[in-house]
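Notes for the one structure printed next.
The values are calculated or read from the model by the stated rules, or taken from the named source; none is laboratory data. Quick caveat: nothing in here was measured; it's all calculated off a predicted structure. Here the Cβ positions follow ideal geometry from the backbone for every residue, glycine too, while neighbour counts run over all protein chains shown. Heads up: the accessible areas ignore ligands, DNA and RNA and are worked out on the full protein's heavy atoms, side chains in. Shrake-Rupley method; radii C 1.70, N 1.55, O 1.52, S 1.80 Å.
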Amino acid sequence: LYELIQGILDIARHDAGILELEETRFDLPELVANCVGMMEGTARGKGVELSTGGDDGAVAVFADATKLRQIVINLLANAVRFTPSGGRVTVATRRRDGDVELEVRDTGVGLAPEDIPRALEPFVQVGQEVARDTGGAGLGLPLSKRLAELHGGRLEIDSSPGEGTTVRIVLPANRVLDRE
């Protein structure tokens, strides 16, 4: 209940223009590894393989670690929730054209292209029969999108029904730092 209320408040703060970042320098692959560790038990209990990948070398960022952790947890929770037993979820970070990408890829149920815009609206759950069985309030993707945009980034979704979903958070080059 606390997380639901916080999600609603964060969306309202963002939409009102009063959600602020508390930026620090941190290692993005380390943050991702911590989030994967937090979700391993849930994935294992569901029979979903959870792993990290990508060329995550030299990806230190200047951003709000708490809000990026919230994004990663939201995306991982969705990926695990909508991936059947025996499926896979992979999270990766990589540099691309100066930007940094954080990608969560699953072999889950996927979304039809026409459902993607709706999935980014608060409280909307596409695929009601699956959503009803898996829980969730329909806030993870909309909040993740807003938090990415607050960092000057964007959220991208590629998905096909029955083939899975890839969600990418792209942070701009001005967020990327050289490792010390």
When every residue in region 87-101 that is open to solvent by less than 70 Å² (accessible area, probe 1.4 Å), among the charged types (D, E, K, R) and over 12 Å from the mean Cα position of the chain (by Cα) is compared, the one nearest to VAL170 (Cα to Cα) is ASP99
Selection over region 60-86 where residues are open to solvent by less than 10 Å² (accessible area, probe 1.4 Å) and closer than 22 Å to ARG25 by Cβ yields a count of 7
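Here are some residues: ASP55, ASP115, ASP133. Which one is in a helix (DSSP H, G or I), at pLDDT below 90 and either surrounded by fewer than 20 Cβ atoms within 10 Å (Cβ to Cβ) or among the small types (Gly, Ala, Ser) (or both)? Lay out the reasoning, then the answer.
On the way: ASP55 fails: in a helix (DSSP H, G or I); ASP115 fails: at pLDDT below 90.
When all the criteria are applied, what remains is ASP133.
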May I ask you to say which residue of GLY127, GLY140 is open to solvent by less than 40 Å² (accessible area, probe 1.4 Å), at pLDDT below 95 and more than 24 Å from ALA92 (Cβ to Cβ)? GLY127
Just give me the residues in region 150-180 being among the aliphatic types (A, V, I, L, M) and at pLDDT 95 or above, in sequence order. LEU155, ILE157, VAL167, ILE169, VAL170, LEU171
For region 87-109, state whether one or more residues are within 16 Å of PRO29 (Cβ to Cβ), in contact (Cβ under 8 Å) with a residue 12 or more places away in the chain, in a helix (DSSP H, G or I) and not aromatic (Phe, Trp, Tyr). no
So which residues in region 63-86 are within 12 Å of the chain's Cα centre (by Cα) and either assigned to a loop (DSSP other than H, G, I, E, B) or not hydrophobic (A, V, I, L, M, F, W, C) (or both)? LYS67, ARG69, GLN70, ASN74, ASN78
